[in-house]
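The values are calculated or read from the model by the stated rules, or taken from the named source; none is laboratory data. Bear in mind the structure is a predicted one, so any value in this text is a computation, not a measurement. Note: ideal-geometry Cβ built from the backbone for every residue, glycine included; neighbour counts use all protein chains shown.
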Amino acid sequence: MMSTLTNCVTVFIVVCVICNNGVEAFHRIYPHLQSVSTPSVSKLHRTGYHFQPIRNWINDPNGPMYYKGVYHLFYQYNPKGAVWGNIVWGHSVSKDLINWKQLQPALYPSKPFDKYGCWSGSATILPGQGPVILYTGVVDKRSNEVQCLAIPANASDPFLTKWVKPDRLNPIVIADHSMNGSVFRDPTTAWLGKDGHWRMLIGGKKKDSGLAYLYRSKDFVKWIRAKHPIHSAKTTGMWECPDFYPVSLNGKNGLDASMTGNSVKHVLKNSLDMTRYEYYTIGTYLQNKDKYIPDNTSEDGWGGLRYDYGNFYASKSFFDPSKNRRIIWGWANESDSKEDDVKKGWAGIQAIPRTVWLDSGGRQLRQWPVEELNTLRGKKVEIGNQKLKKGDYVEVKGITAAQADVEVTLSFSSLDKAEEFDPRWVNAEDLCALKGSNVQGGVGPFGLLTLASQKLEEYTPVFFRIFKASNKHVILMCSDARSSSSNIELYKPSFAGFVDVDLANNMKLSLRSLIDHSVVESFGAGGKTNILSRVYPKLAVKEKAHLFVFNNGNEQITVENLKAWSMKSARRN
Ligand SMILES: *[C@@H]1O[C@H](CO)[C@@H](O)[C@H](O)[C@H]1NC(C)=O
Ligand SMILES: *[C@@H]1O[C@H](CO)[C@@H](O)[C@H](O)[C@H]1NC(C)=O
Ligand SMILES: *[C@@H]1O[C@H](CO)[C@@H](O)[C@H](O)[C@H]1NC(C)=O
Ligand SMILES: *[C@H]1O[C@@H](CO)[C@H](O)[C@@H](O)[C@@H]1NC(C)=O
């Protein structure tokens, strides 16, 4: 298929102008553990239906795509151990995004331009030709990075099992003298401009600013950097894994990356290495200038909107033409110790793939687990019209509470009892730490206690709490890991985000939680605020796990409707 690409002479020069580079602090490195093999895999906290390979370490999802009836997921993978290192592109395929078959790694270091690692990248399907992967190759121990291209050995093979990296084309992009080659990575899916030229972004950093370099190409092989990055922001530090895509102003349908016009907005997402969280803005892509301008309702940088307020990083989206939707994948790292990971024999999962679309208000995105997940739903229990007074908690019995899917709508008849909001509470996570689920409130806290032991020595509460500010109500959503385990050495953050909902006309809030042994992945208010927590209960494991719905506020709450399902396990081998 590459026969149409011109034979471009790319001289492979690793410019060593910046040889004093340190290695970026993106992963703590444990050289002595990188190749400790993992003969046995501990099942205790292993997930039942979230994506994970059979063993070992994974991080970023890479190059997701739908091709010839098959979904492909690649991922940063250490084939030799359960900590970061020896990075290759693991490869799994699926017909439904839920059940997976693991294939041989698709890309592994084999060339001078990727000798020290095949790092993150994306797939683009060239019309009439087939997929192309753009990825970051690491050329030396100082992690100088170049961008490389790989093509399927046989584009007729729907499983795309074998990939080649044409020597005469690679690397396709190297950092020039004005750039820092050790903070230059993660090419996006490319899109086609009206002028017939391809564009793609690469994450970077200049002084303290994060930026997304824009490159253009006529033939997908020779790429030229545009004078200006598509966007940048001061003080954010490195932008990893940029993602840039159109969303429709009319409804939930996803769009191909090249779609432009008056009926779309664009989304720019970056993973900020400094905070290890992801931020996005909604804005306008000025095609003739190749500039992106965030809307004035979208804050750019630290304080901005996040896909997820918990363990969720390095995400990547793709357009699924078979169901006209855009789907995002994100990596959820572990919250336990490296020693635990080596003992477990595995580390890292992918969040459940989420359909993403623009909320009707236009100010934010919404996300929802792909509908295929529902095929794993087994036994169902329901609770309806149940009143909860302050201090009540009701057990949801009859399902496997350690591996479950639960959807609940909770209502209240007045907001009069809402506590005063202190404007200094700008950080949701701090506020959740201050006002945990057992701190009584006015309206809320109310929600779920997931992965709870019978006597509540351990539990991970996912809940809302409503405050009264001068001219509006402020809704806090928490997924608080502090009581999740009696193991005191774990990282147990009180993850939280605010929820942008107008309660005046609709005094209810909905919550969905996907509970999966060591994951609680929650979607608030129909996917407006989402939080994934990793937790490692000691008591609330397997059949000893329980699920409760609770209220700890003065205002009475009604469980309008609660549906909970036992979840079957997905095939992932
Ligand atoms: C390039 O980036 C790395 C990683 O942030 C940094 O350590 C190094 O100082 C930078 N080099 C230059 C020349 O700015
Ligand atoms: C390419 O893949 C197709 C579909 O699987 C197969 O029929 C064909 O034999 C393959 N070609 C080669 C050269 O392996
Ligand atoms: C934000 O932009 C919109 C147009 O997109 C404009 O109508 C509005 O006045 C702006 N608001 C502020 C506060 O600048
Ligand atoms: C996941 O692990 C926790 C605990 O070790 C760190 O605090 C996070 O920074 C890390 N997240 C990512 C994206 O690496």
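Working only within the stretch 361-384, note down all residues that are in a loop (DSSP other than H, G, I, E, B) and either at pLDDT 95 or above or over 27 Å from THR558 (Cβ atoms) (or both).
Once the filter is applied, which keeps residues that are in a loop (DSSP other than H, G, I, E, B) and either at pLDDT 95 or above or over 27 Å from THR558 (Cβ atoms) (or both), the stretch 361-384 yields GLY362, ARG363, GLN364, VAL370.
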So THR235 ticks every box in (1) of a type outside the set (Gly, Ala, Ser); (2) closer than 26 Å to ARG354 by Cα; (3) in contact with a strand residue (DSSP E or B) (Cβ under 8 Å, 6 or more places away or on another chain); (4) modelled with pLDDT under 95 but one. Which box is left unticked? (2)
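What are the residues in the stretch 46-105 that are among the small types (Gly, Ala, Ser) and not assigned by TED's automatic domain parsing to the domain that holds THR355, if any? Walk me through it before giving the result.
From the stretch 46-105, those among the small types (Gly, Ala, Ser) are 48, 63, 69, 81-82, 85, 90, 92, 94; that's our starting set.
The answer is GLY48, and nothing else.
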ILE58 vs. criteria farther than 27 Å from ARG534 by Cβ and part of a strand (DSSP E or B): no
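What do you reckon, is ASP359 away from ligand 2 (no atom under 16 Å from the Cβ), surrounded by 14 or more Cβ atoms within 10 Å (Cβ to Cβ) and more than 30 Å from ALA82 (Cα to Cα)?
When the stated conditions are applied, ASP359 passes them.
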Mind listing just one residue for me: the one in the stretch 60-71 that is in contact with a strand residue (DSSP E or B) (Cβ under 6 Å, 6 or more places away or on another chain), surrounded by fewer than 24 Cβ atoms within 10 Å (Cβ to Cβ) and of a type outside the set (Ser, Thr, Tyr) and, of those, nearest to SER317 (Cα to Cα)? MET65
Can you tell me which of GLU339, GLU334 is in the same structural domain as ILE230 (by TED's automatic domain parsing), free of Cβ contacts under 8 Å to residues at least 12 places away in the same chain, within 16 Å of ligand 4 (Cβ to nearest atom) and closer than 28 Å to SER37 by Cα? GLU339
Quick one: ASP157 ticks every box in (1) more than 16 Å from ligand 2 (Cβ to nearest atom); (2) among the acidic types (Asp, Glu); (3) farther than 23 Å from GLN350 by Cα bar one, so which box is it? (1)
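This table checks each residue for (1) in contact with a Leu (Cβ under 8 Å, 6 or more places away or on another chain); (2) surrounded by fewer than 23 Cβ atoms within 10 Å (Cβ to Cβ); (3) not acidic (Asp, Glu).
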residue: LEU490; (1), (2), (3): no, yes, yes
residue: ASP500; (1), (2), (3): no, yes, no
residue: ALA525; (1), (2), (3): yes, yes, yes
residue: ILE557; (1), (2), (3): yes, no, yes
Just wondering, is there one or more residues in the stretch 261-270 that are modelled with pLDDT of 95 or more, buried (at least 23 other Cβ atoms within 10 Å of the Cβ), within 18 Å of the chain's Cα centre (by Cα) and within 16 Å of ligand 4 (Cβ to nearest atom)? yes
Filter the stretch 427-455 down to the residues that are outside any strand (DSSP E or B) and either within 23 Å of the chain's Cα centre (by Cα) or without any contact (Cβ under 8 Å) to a residue 60 or more places away in the chain (or both) and list them by number. ASN427, ALA428, GLU429, ASP430, CYS432, LEU434, LYS435, GLY436, LYS455
Can you list the strands (runs of 3 or more DSSP E) lying wholly within the stretch 134-252 that have 3 or more residues being within 16 Å of ligand 4 (Cβ to nearest atom) and not small (Gly, Ala, Ser)? 239-248
Of (1) away from ligand 2 (no atom under 16 Å from the Cβ); (2) more than 17 Å from ASP219 (Cβ to Cβ); (3) in contact with a strand residue (DSSP E or B) (Cβ under 6 Å, 6 or more places away or on another chain), ASN144 satisfies all except one. Which? (3)
What number of residues in the stretch 130-162 are away from ligand 1 (no atom under 16 Å from the Cβ) and crowded, with 16+ Cβ neighbours inside 10 Å? 15
Could you say which residue among ALA153, ALA175 is farther than 25 Å from TYR67 by Cβ and either within 16 Å of ligand 3 (Cβ to nearest atom) or among the small types (Gly, Ala, Ser) (or both)? ALA175
When residues of the stretch 464-488 are limited to those that are among the aliphatic types (A, V, I, L, M) and out of contact with any strand residue (DSSP E or B) (no Cβ under 7 Å at 6 or more places or on another chain), the one surrounded by the most Cβ atoms within 10 Å (Cβ to Cβ): ALA469
Answer from ARG377, ARG366 - the residue that is among the basic types (Lys, Arg) and under 19 Å from the mean Cα position of the chain (by Cα): ARG366
Pull up the stretch 326-359, narrow it to residues that are assigned to a loop (DSSP other than H, G, I, E, B) and of a type in the set (D, E, K, R), then point me to the one that is farthest from THR297 (Cα to Cα). ASP336
So how many residues does the stretch 72-97 have that are of a type in the set (Ser, Thr, Tyr) and over 22 Å from VAL138 (Cβ atoms)? 2
Failed condition for GLY391, given (1) assigned by TED's automatic domain parsing to the domain that holds LYS563; (2) touching a strand residue (DSSP E or B) at 6+ places or on another chain (Cβ under 6 Å); (3) in a loop (DSSP other than H, G, I, E, B): (2)
